[in-house]
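Colleague: Before anything else, here's the structure in question.
The values are calculated or read from the model by the stated rules, or taken from the named source; none is laboratory data. The model shown is predicted, which means the values in this text are computed figures rather than measured ones. Positions of Cβ are generated from backbone atoms using ideal geometry, with glycine treated the same way; all protein chains shown enter the neighbour counts.
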Amino acid sequence: MDIIWFLFIGLVAGWLASQIMGSGGYGIIGDIVVGIVGSLIGGLLFRMVGITAYGTLGAIIMAVIGAIVLIVVLRTLKHA
């Protein structure tokens with residue numbers, strides 16, 4: 001059940017990040033991947049700053065911030 005919840009949070013975070021960044025979404029699998037990688041990046045960033053995210057909402061916010069950073073980096077590399 002934890003894997004399904006983890007994938008759901010990744011999907012929501014990836015979709016929200018793509019909507020915020022104006023990407024229009026990457027499909028279900030793409031949004032899940034962006035959200036999961038974003039959660040790893042967000043976790044590292046939050047840990048570096050000293051912020052702790054609690055609960056489902058905290059995990060989604062952390063993953064969305066990480067996914068936005070991922071999208072920005074990928075766009076920068078694509079245009080370089």
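Colleague: On the basis of being touching a helix residue (DSSP H, G or I) at 6+ places or on another chain (Cβ under 7 Å), among the β-branched types (Val, Ile, Thr) and under 15 Å from Leu74 (Cβ atoms), does Ile9 make the cut?
Modeller: So Ile9 fails the test.
Colleague: Here are Ile32, Ile28, Ile60: which of them is of a type outside the set (Ser, Thr, Tyr), within 14 Å of the chain's Cα centre (by Cα) and at pLDDT below 90?
Modeller: Every option except Ile28 fails the conditions.
Colleague: Let me ask something additional. Restricting attention to segment 39-65, and to residues there that are closer than 16 Å to Leu7 by Cα and of a type in the set (S, T, N, Q), which single residue is surrounded by the fewest Cβ atoms within 10 Å (Cβ to Cβ)?
Modeller: The residue in question is Thr56.
Colleague: Tally up the residues in segment 7-29 that are assigned to a helix (DSSP H, G or I) and on the phi > 0 side of the Ramachandran plot, please.
Modeller: Total satisfying the criteria: 1.
Colleague: Which residue is surrounded by the fewest Cβ atoms within 10 Å (Cβ to Cβ), if the candidates are limited to segment 15-25 and must be within 15 Å of Val72 (Cβ to Cβ) and without any contact (Cβ under 8 Å) to a residue 24 or more places away in the chain?
Modeller: The residue in question is Gly22.
Colleague: Among the listed residues Ile68, Ile36, Ile32, which satisfies the condition of being surrounded by 19 or more Cβ atoms within 10 Å (Cβ to Cβ), assigned to a helix (DSSP H, G or I) and in contact (Cβ under 8 Å) with a residue 40 or more places away in the chain?
Modeller: Ile68
Colleague: Moving on. Answer yes if at least one residue in segment 46-55 is among the hydroxyl-bearing types (Ser, Thr, Tyr) and either on the phi > 0 side of the Ramachandran plot or in a helix (DSSP H, G or I) (or both), and no otherwise.
Modeller: Within segment 46-55, not a single residue is among the hydroxyl-bearing types (Ser, Thr, Tyr) and either on the phi > 0 side of the Ramachandran plot or in a helix (DSSP H, G or I) (or both).
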